[in-house]
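The values are calculated or read from the model by the stated rules, or taken from the named source; none is laboratory data. Note that the structure is predicted; figures quoted are calculated from it, not measured. Neighbour counts are summed over all protein chains in view; Cβ atoms, including those assigned to glycine, are modelled from backbone coordinates with ideal geometry. The area values use the complete protein model at the heavy-atom level, side chains included, leaving out ligands, DNA and RNA. Shrake-Rupley method; radii C 1.70, N 1.55, O 1.52, S 1.80 Å.
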Amino acid sequence: MSEINKSGKTIFKGEAMLLIASVIWGSSFVFQKMGMDFIGPMTFTFFRFGIGTLCMIPVIAFADRMKSRRICRETGDVVTGRVGQSDGVMPFSNKTLIVGGILVGVSNYIAAGLQQFGIVYTTAGKAGFITAMDMVMVPFIMVLLRRKVHRLTWFGVVIAIFGLYLLCMQGGFYMELGDLICLGGALGYAIQILLIDYFVEKVDPLKLAFYEFAVTTVLSFVTAVIIEDIDLAPVIDCAVPILYTAVLEVCVAFSLQMLGQRYAPPALATITMSMESVFAAVSGVLFLGEIMSGREVWGCVIMFCAFIIAQLPEIQGEK
């Protein structure tokens, strides 16, 4: 995607938006874990993405309207009450958009489902850091796709693996069940990142997100009906965690990400969004009373350093 000319002020504006999104994503691990006290993982995922999908509708309608008005002003056309492809707005029926939404949605369903199951068996802080491993899984997948990876990126991968060992391996070379499940979710998110990277330049990002969330909602509902008992009473008791993650995490944070990346260079944006893992650990300590050992803290620090090192080639290229 071609980048606009970015001044210091616009970069700061974009970074501020991405930082707020990272705070929301990081704190959402606490609410996701709280939700497991009331309902099953797939039921929670269904309601989280279902409400999030509905919240995206007015956001997309507003964005389309603003885009149509802007294009009409630039071309000198009269702004009509309708918004359509003639106004430069991509319709929901676009085939590439539908295919991309389905593929990204399936990967998101797998990743979000595994993450939600993993949180049942591990802490919110560890879940946040392990999920962030998708940033260092991406280079491995890129090699399989025969795309070159910078040596500094590989160095970051090695350091991240060492940090993961300190964070998760206690008393021997093994991982707890929740850690392994979250690691599987991280792999799902890595695939999702590459799919989004492929489709986002071809389609409307907000509508791609809408299809992604809609597909995740449908698949989560089917899974929940098969393996869980959906009862309305505990769902109502779980209203706060559901609404927080649906409205803020799914809808608001994603919209902030889209807006922020219009202004911030990709490398800086990625580093800022990796702060999600830091806010996840801090939220777990502050709101859930979770305690991290010195070994786990060092593991978190090393992993965060690895995330930054993995982005150095892109930073150097954008100087």
Does the stretch 295-307 contain at least one residue that is at pLDDT 75 or above, of a type in the set (Asp, Glu) and open to solvent by 30 Å² or more (accessible area, probe 1.4 Å)?
no
Quick one: which residue in Val235, Val252, Val222, Val247 is at pLDDT 95 or above, surrounded by fewer than 19 Cβ atoms within 10 Å (Cβ to Cβ) and not aromatic (Phe, Trp, Tyr)?
Val222
Any idea which of Gly26, Gly8, Gly40, Gly14 is in contact with a helix residue (DSSP H, G or I) (Cβ under 7 Å, 6 or more places away or on another chain), at pLDDT below 80 and open to solvent by less than 80 Å² (accessible area, probe 1.4 Å)?
Gly14
Is it the case, given these coordinates, that Gly118 is closer than 29 Å to Ile39 by Cβ, assigned to a helix (DSSP H, G or I) and either at pLDDT below 75 or touching an Asp or Glu at 6+ places or on another chain (Cβ under 9 Å) (or both)?
yes
Considering the stretch 98-110 alone, what residues qualify as being touching a Leu at 6+ places or on another chain (Cβ under 8 Å) and crowded, with 22+ Cβ neighbours inside 10 Å?
Gly100, Gly101, Val104, Gly105, Ser107, Tyr109
The stretch 16-62, residues that are among the small types (Gly, Ala, Ser), in contact with an Asp or Glu (Cβ under 6 Å, 6 or more places away or on another chain) and closer than 17 Å to Ala111 by Cβ
Gly26, Ser28
Which pairs have Cβ atoms under 8 Å, sit 6 or more apart or on different chains, and link a residue in the stretch 187-206 that is open to solvent by 40 Å² or more (accessible area, probe 1.4 Å) to one that is not in a helix (DSSP H, G or I)?
Glu201/Met1
Checked pairs for the stretch 10-39, first over 20 Å from Gly52 (Cα atoms), second small (Gly, Ala, Ser) and part of a helix (DSSP H, G or I), C-beta under 6 Å and 6 or more apart or across chains, list as Gly14/Gly260
Residue under evaluation Ala127, criteria (1) at pLDDT 80 or above; (2) of a type in the set (A, V, I, L, M); (3) buried (at least 23 other Cβ atoms within 10 Å of the Cβ), criterion not met:
(1)
Enumeration of residues in the stretch 70-102 that are among the hydrophobic types (A, V, I, L, M, F, W, C) and either in a helix (DSSP H, G or I) or modelled with pLDDT under 65 (or both):
Ile71, Cys72, Val78, Val79, Val83, Leu97, Ile98, Val99, Ile102
